[in-house]
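Structure first, commentary second.
The values are calculated or read from the model by the stated rules, or taken from the named source; none is laboratory data. Keep in mind that what you see is a predicted model, and the values were worked out from it rather than measured. Neighbour counts are summed over all protein chains in view; Cβ atoms, including those assigned to glycine, are modelled from backbone coordinates with ideal geometry.
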Amino acid sequence: MRILAIVSGEYGVRHVDNIHRHAPEGWTIESWKAPAAFPLVIDYPEDFLPKSFAPADLILSFAETKSVAELLPEIAAMTGARGVVVAVDNEAWLPRGLARQLTGWLARQNVACATPKPLCSLTERDYKVTRRERETYDSEVISEFARYFGQPDIRLSVDEATRTVSRAEVRRDAVCGCARHVAEKLVGLSVDEVVEKAGLFHHHYPCLASMVKLNDYNHDTLMHESGRLLQDHLAEQLKPFVQTKYVTPGTKSE
């Protein structure tokens, strides 16, 4: 698969570096740094683009400005891309209304678009747009990317005798590499402490999602949502091994 990654700062550079390190054999990843400044209205997108791009199957936009969204239909046409993923780890980079517009613009070109919010909610079939809503998509190239990068999938093996994690296999990493970072630290932990410590490891990576509180996430932040996705995934696997303690009111604990 041929990928064009659009970056504008360190956020995107870190993502591209992680994809380079862990992409399947046969993938090629090219990067383009978007301009640092744009006018309020972009009348001629071609004024801000190079004369040509290498052909690409998938465009990944890690740009930290919403103006780049207006360039994406032109970039898709220039590259022949069949799918576009725009990271929404900060709502200022792609407000929800603009995300809908972009999806419509690209659909008219028969180009699929996914706007995961946060980026690590992307799976092979859908992604989050609010705390309770997931949007589905139909795109072979986006699904192929999401097999390897997106919503973390860490499969745990547990030593039942010691109730500790004996193995943590990363089947899908976060685009930023956070899942691999967390998985390396889970081996040897008691099942009772995995979920809490995974949240700490996630934040210490550090997570690159925004700490701005959002109404459509119940006044919570995308950084916390990202950590919750990972913790819930691990907690579900550990249910058979976690020992729940009950306290009966009015009696002394033994």
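Within region 218-225, is even one residue within 23 Å of LYS117 (Cα to Cα), without any contact (Cβ under 8 Å) to a residue 40 or more places away in the chain and in contact with a Lys or Arg (Cβ under 9 Å, 6 or more places away or on another chain)? Checking region 218-225: at least one residue is within 23 Å of LYS117 (Cα to Cα), without any contact (Cβ under 8 Å) to a residue 40 or more places away in the chain and in contact with a Lys or Arg (Cβ under 9 Å, 6 or more places away or on another chain). Among the residues of region 166-173, some residue qualifies, meaning at least one is crowded, with 16+ Cβ neighbours inside 10 Å, under 30 Å from PRO55 (Cα atoms), modelled with pLDDT of 95 or more and not acidic (Asp, Glu). Residue check: TYR205 meets all listed conditions (1) at pLDDT 95 or above; (2) surrounded by 12 or more Cβ atoms within 10 Å (Cβ to Cβ) but one, namely (1). Residue check: is ALA54 outside any loop (DSSP other than H, G, I, E, B), in the same structural domain as GLU140 (by TED's automatic domain parsing) and aliphatic (A, V, I, L, M)? So ALA54 fails the test.
Output yes when any residue across region 131-149 is of a type in the set (Val, Ile, Thr), over 23 Å from LEU4 (Cα atoms) and surrounded by 16 or more Cβ atoms within 10 Å (Cβ to Cβ), and no when none is. No - not one qualifying residue is present in region 131-149.
Entry remark, region 91-122: residues being assigned to a loop (DSSP other than H, G, I, E, B) and touching a Pro at 6+ places or on another chain (Cβ under 9 Å) number 4 in total. Look at (1) assigned to a strand (DSSP E or B); (2) outside the structural domain of HIS20 (by TED's automatic domain parsing) and you find that TYR127 fails only one, number (2). Checking each residue of region 27-37 against the condition of being under 21 Å from ALA146 (Cα atoms), crowded, with 16+ Cβ neighbours inside 10 Å and either acidic (Asp, Glu) or over 20 Å from the mean Cα position of the chain (by Cα) (or both) gives no match. Among the numbered conditions (1) surrounded by fewer than 18 Cβ atoms within 10 Å (Cβ to Cβ); (2) part of a loop (DSSP other than H, G, I, E, B), the only one that ALA63 does not meet is (1). Taking the criterion of being among the polar types (S, T, N, Q) and touching a residue at least 40 places away in the same chain (Cβ under 8 Å), the only residue of region 151-199 that qualifies is GLN151. Restricting attention to region 113-128, the residues that are surrounded by fewer than 21 Cβ atoms within 10 Å (Cβ to Cβ) and either in contact with an Asp or Glu (Cβ under 7 Å, 6 or more places away or on another chain) or farther than 16 Å from VAL175 by Cβ (or both) add up to 2. Counting only helices (runs of 4 or more DSSP H) wholly contained in region 134-234, the ones carrying 1 or more residues that are assigned by TED's automatic domain parsing to the domain that holds ASN18 occupy 140-146.
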